[in-house]
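Novice: Following this message is one structure expressed as structure tokens.
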Amino acid sequence: MIYKQAINPRSSIVINMFINKMKTNRLWLCVRLKHKVNKQNEEIQTEKSTKSAPDVMSYLESNEEYKDIIPILPKALLKKYKTPDRMYIINKNTARDIADTIKDHFEKHAPIVEVNPGLGFLTDAILQCQTNPVHLYESSNYFSSFLNDLKQKYPERIKYKNADFFGMWKLAFQDKMDDGNRIKELLGDLATENTGRKLKIVGAMPGLSFVRHLINTIVFHNTTNQLGRPDLFIIIPVHHYEFLTDSLVEFGKHKSVPSLFQTLFYSRVLKKVPKAHFLPWIYPLSKKVSVIDDHFLYLVNITQKETLPCPPDYLPLLWYFFKPQTFSKTSRVIPVLEQWIPGCGVWLITGQDPPDINKDIAPGPNDAKLPHMTIFTQFGDLTLQQKITVFKRFVSWPEFEQCPFRAAIENNLPKFAVPLDAEIKSSLESNIDELEHSDSETDHETV
């Protein structure tokens, strides 16, 4: 005799909703995979059929200094792209200017990494102006002969690896999928458990995926960071840098990436460099692009701050606090906070705190002072540092540990920060490129 177990109707509904959600996720993943395969096939056909961009060739052929390198450049670099994966410097004078600008920032015992050195012009200039060895990471096999020649010129001073250093975020996720050691193998003897070790990273970076990886590493994996404290000297498009450092994020806009970037890193522009001296050329994003963005790239220094805005265990809470779905710029601070901790608004209005706060996270004398808060104060009325003060007061209140804020975070963590079961892993393995934007924002479609 077969007995059927009675199922609670409400439980049945929940189970069916879960099953339907899994089916929808699988369908979405299949559609995205098919789109990705079709896109790759289109790129292959474009690579075979499209000729070099006329304006690129005209520029190179009209400058005597490029006559020797035109025949040896890969054809893929002679085209124009909306969002290239990498950029290469082709002008020796600009390479020397960059090396002269950053040479005083090198330290005796701080390793130097150059990403995608290409023909090795910047590598040569860096090796001439200081005595540290340089670790080269080149994504393309095409440049191996040039870099090996350079290695012969500077024996014992170059370590060369064919790998995508700026694509480290992919390796990090693959390691999460199978408990692998790809990041450690990529870094080799550069891997460290010392989170204070400085690592100088030099290179041209057309996108922001590596910056996002650094932010996510600090926020979600601070104790397992194998890079140490990266000190970047990066050539970057002007609009990307303006997005990361946009001061309007303090008052008008609300974007979590620039908020976290400005909270976790110092940054400054060291020099403008001609955009034409890097290949491939990039199509302008719009007709309204600035004159600087159209003709120059920025050489910027990005340094991780020594002091975190809060203890490491609270960084994921700060990440969620900055998410647009938590607060928009027009959200009224007190009503939203009171959804999590009823009655907490009185502490913000009076400027007082309950006596049994968590002093380990509560604001200190170096935190920004809050303006007089009312029930109408909007999140967009506060500066970035004042938002951090509100966060630290909120999570320090004794009621916080029992409020639903933590549960909300667990339901909204990005894919790279949550435990994955075997079925989900198998679904994501073929769609890893989609994960670059799993916690992204729409600004410039790059972050």
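The values are calculated or read from the model by the stated rules, or taken from the named source; none is laboratory data. Because the structure is predicted, anything quoted here is derived from the model rather than measured. In this analysis, Cβ positions are derived from the backbone assuming ideal geometry, glycine residues included, and neighbour counts consider all displayed protein chains.
Novice: Run down 353, 313 and say which single residue is of a type in the set (Asp, Glu), farther than 30 Å from residue 112 by Cβ and touching a residue at least 12 places away in the same chain (Cβ under 8 Å).
Specialist: Just one listed residue meets the conditions, 353.
Novice: For the range 131-170, which positions are surrounded by fewer than 16 Cβ atoms within 10 Å (Cβ to Cβ) and among the polar types (S, T, N, Q)?
Specialist: 131, 141, 144, 145, 148, 152, 162
Novice: Which condition number in (1) crowded, with 18+ Cβ neighbours inside 10 Å; (2) over 18 Å from residue 164 (Cβ atoms); (3) in contact with a Leu (Cβ under 7 Å, 6 or more places away or on another chain) is the one that residue 126 fails?
Specialist: Unmet condition: (3).
Novice: Then there is this: Can you confirm whether residue 340 is among the hydrophobic types (A, V, I, L, M, F, W, C) and either over 23 Å from the mean Cα position of the chain (by Cα) or in the same structural domain as residue 213 (by TED's automatic domain parsing) (or both)?
Specialist: In short, yes.
Novice: In addition: Test each condition in (1) surrounded by fewer than 13 Cβ atoms within 10 Å (Cβ to Cβ); (2) in a loop (DSSP other than H, G, I, E, B); (3) out of contact with any Pro (no Cβ under 8 Å at 6 or more places or on another chain) for residue 353 and report the one that comes out false.
Specialist: Here residue 353 meets the rest and fails (1).
Novice: In addition: Please determine whether any residue of the range 370-380 is at pLDDT below 90 and either within 28 Å of the chain's Cα centre (by Cα) or crowded, with 16+ Cβ neighbours inside 10 Å (or both).
Specialist: The answer is yes, given that some residue of the range 370-380 is at pLDDT below 90 and either within 28 Å of the chain's Cα centre (by Cα) or crowded, with 16+ Cβ neighbours inside 10 Å (or both).
Novice: Sticking with this one: Would you confirm, using the coordinates I've provided, whether residue 422 is out of contact with any Ser or Thr (no Cβ under 8 Å at 6 or more places or on another chain), more than 17 Å from residue 313 (Cα to Cα) and at pLDDT below 95?
Specialist: So residue 422 fits the description; yes.
Novice: Those residues that are within 18 Å of the chain's Cα centre (by Cα), outside any loop (DSSP other than H, G, I, E, B) and exposed (fewer than 14 other Cβ atoms within 10 Å of the Cβ), I need them from the range 291-322; list them, please.
Specialist: none
Novice: Could you check the range 84-123 and list, in sequence order, the residues that are among the hydroxyl-bearing types (Ser, Thr, Tyr) and either without any contact (Cβ under 8 Å) to a residue 24 or more places away in the chain or closer than 22 Å to residue 162 by Cα (or both)? Don't jump to the end; show me each part of the working.
Specialist: At the first step, the residues of the range 84-123 found to be among the hydroxyl-bearing types (Ser, Thr, Tyr) are 88, 94, 101, 123.
Listed by number, the residues that qualify are 88, 123.
Novice: Please go through the range 50-91 and pick out each residue that is touching a strand residue (DSSP E or B) at 6+ places or on another chain (Cβ under 7 Å) and among the aromatic types (Phe, Trp, Tyr).
Specialist: Residues satisfying the conditions are 81, 88.
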